[in-house]
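A quick write-up on the structure given underneath.
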Amino acid sequence: MAIDIPRELIDKLAQARRVAVLTGAGISAESGIPTFRDALSGLWANYDPLKLATPEGFVRDPKLVWEWYAARRTRIASLQPNPGHAALAALERRFEQFTLVTQNIDSLHQRAGSHEVVELHGNLMRVKCSREQVVVSSFAEDESPPRCHCGAYLRPDVVWFGEMLPVDALARAEEAAEHCEVFLSIGTSAQVYPAAELPLRALSAGATVIEINPESTSLTRHAHFSLHAASGIVLPQLLERLNAASA
Ligand code: BJW
């Protein structure tokens, strides 16, 4: 399916030296990973985020939370990056400064070849001590949840509701948003803060904001360009048009 990508959008990207990208669950949807807020298939339509994605939920039922994340880890490890991830990895090489910020915890950008990925919400493949907050590389696989040497439970190294984002990652993301010439918001409902503020920061700083999402979001009316289609379809075509423009 050919997507109508405006010439002005390609020109803006072709002229840009500093580009920032924010991705959300939508970019991994075509790899087979469910998003969070889809009314039917979204994780939060089928599971209670308060029970599974808050520190209070983990204290209440650590086994339930550990096993839910362990099952997602196993499933995600068996899935592959899609053409959207691959196109972003190729885009990275085109710009003087390219900052890829993701809310995703699935490592698919890295597996597609992106080198510098700023992870705002942690990474499902890592595990940390729930007391010391230190990442742990080995643990007893047969315990649920396993314990740290200090006696506390281990937990996935992801950011739950009500928790602070990693300070360095958020600072890098904010810096990139405020200094880019073009900002792409891809596959996110723009409902979760502080990530949702990043495109607005970019807009305030004068950047051209491009949204790629099959659905409208709260960002759509602010964005300079909105491409309403799947990122695995749009991004490879965007890359091709950009290559043709600079050939
Ligand atoms: C496609 C597609 C295709 C489909 N191609 N697109 C200010 C105001 C109000 C509230 C707050 C605020 N500041 C902080 C808060 C509280 C809270 C928050 O934002 N709540 C809102 C829900 C209102 N934020 C926090 O608690 C954050 N911490 C924090 O701010 O600390 C300081 C603080 C604390 C408390 C009070 C005040 C300050 C932490 C947020 C952590 C989010 N964690 C999760 C779970 C991670 C682990 C796990 O995976 O289990 O992160 S929740 C979940 O949402 C996950 C995602 O990263 C995040 C964002 O979701 P995303 O990626 O946008 O997915 P969806 O499903 O929402 O959207 C997918 C989109 O893709 C859709 O639009 C589709 O159309 C599209 N799509 N197919 C392209 N093929």
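Highest mean packing first, where packing is the average number of other Cβ atoms within 10 Å per residue, the peptides 14-25, 51-62 line up as 14-25, 51-62. Seen from ALA205, the other residues with C-beta closer than 14 Å to its C-beta sum to a net charge of -3, counting Lys and Arg as +1 and Asp and Glu as -1.
Please give the calculated 222 nm ellipticity per residue for the chain, where each DSSP H segment of at least 4 residues contributes -39500 (n - 2.57) and the sum is spread over every residue; nearest 500 deg cm²/dmol? Before the final figure, lay out each step's value.
On the way: 11 runs with 94 residues, N = 247.
That comes out to -10500 deg cm²/dmol.
Annotation for ASP168 and GLU8: the two label points, set 7 Å from Cα along the Cα-Cβ direction, are 4.0 nm apart.
If you plug the beta carbon distance of ARG93 and SER137 into 1/(1 + (r/R0)^6) with R0 = 41 Å, you get a FRET efficiency near 0.85. Remark: region 102-119, residue by residue, has Karplus-estimated 3J(HN,Hα) of 10, 8, 7, 10, 9, 6, 6, 4, 5, 5, 7, x, 5, 8, 10, 10, 8, 9 Hz, where x stands for each Gly or Pro and the curve is 6.51 cos²θ - 1.76 cosθ + 1.60 at θ = phi - 60°.
In sequence order, region 19-24 has phi-based couplings of 10, 10, 10, 10, 10, x Hz under the Karplus curve 6.51 cos²θ - 1.76 cosθ + 1.60, θ = phi - 60°, and Gly or Pro positions carry x.
Extending 7 Å from Cα along the Cβ direction at SER204 and again at THR74 yields two label points whose distance is 4.5 nm. Residues whose amide H comes within less than 5 Å of that of THR208, counting only those at least five positions distant or on another chain, are VAL182, PHE183 (H built at 1.01 Å from N in the peptide plane).
Just the protein heavy atoms count here, and of the accessible area of region 30-113 at 1.4 Å, carbon and sulfur take up 57 percent.
The Cα-based radius of gyration and maximum Cα-Cα distance (Dmax) for region 128-227 are 18.3, 52 Å.
Near GLU119: Cβ cut-off under 11 Å, other residues only, Lys/Arg at +1 and Asp/Glu at -1. The net charge is -2. Just to be sure I understand the curve: with the Debye formula and one point per C-alpha of region 185-241, what is log10 I(q)/I(0) at q = 0.13, 0.18, 0.21, 0.22 Å⁻¹? Cα-only, vacuum Debye calculation for region 185-241: -0.31, -0.59, -0.78, -0.84.
Computed across the chain, the Kirkwood radius stands at 18.8 Å (inverse of mean 1/r, all Cα pairs). Modelled this way, with points 7 Å down the Cα-to-C-beta line, the labels at GLN191 and HIS115 are 3.7 nm from one another.
Normalised Debye scattering of region 1-82 at q = 0.10, 0.12, 0.16 Å⁻¹ gives log10 I(q)/I(0) of -0.43, -0.57, -0.81, counting only Cα atoms as equal scatterers and leaving out solvent.
Other residues within the sphere of radius under 10 Å centred on the Cβ of TYR153, judged by their own Cβ, net out at +3 (K and R +1, D and E -1). In order along region 53-70, the Karplus-derived 3J(HN,Hα) couplings, from 6.51 cos²θ - 1.76 cosθ + 1.60 at θ = phi - 60°, round to 10, 9, x, 5, x, 5, 5, 5, 8, x, 5, 4, 5, 4, 5, 5, 6, 5 Hz, and Gly and Pro are given as x.
Here's how it looks for LEU227: its modeled amide H is under 5 Å from those of GLU211, ILE212, ASN213, which are all 5 or more places away or on a different chain. Per-residue packing, averaged as other Cβ atoms within 10 Å, sorts the ranges 30-38, 145-153 into the order 30-38, 145-153, beginning with the highest.
Close amide-amide hydrogen proximity is noted between VAL127 and VAL136, ASP157, each under 5 Å apart and 5 or more residues distant or on a separate chain (H modeled in the peptide plane; Pro and chain starts excluded). The equivalent ellipsoid that matches the C-alpha gyration tensor of region 66-110 spans semi-axes of 27, 12, 5 angstrom, in descending order. The residues of the chain expose, per residue, 48 Å² of accessible area to a 1.4 Å probe.
The values are calculated or read from the model by the stated rules, or taken from the named source; none is laboratory data. What you see is a predicted model, and the numbers here were worked out from it, not measured in a lab. Using ideal geometry, Cβ is built from the backbone for each residue, glycine included, and neighbour counts are taken over all protein chains shown. Only protein heavy atoms, including side chains, enter the accessible area calculation; ligands, DNA and RNA are left aside. Shrake-Rupley method; radii C 1.70, N 1.55, O 1.52, S 1.80 Å.
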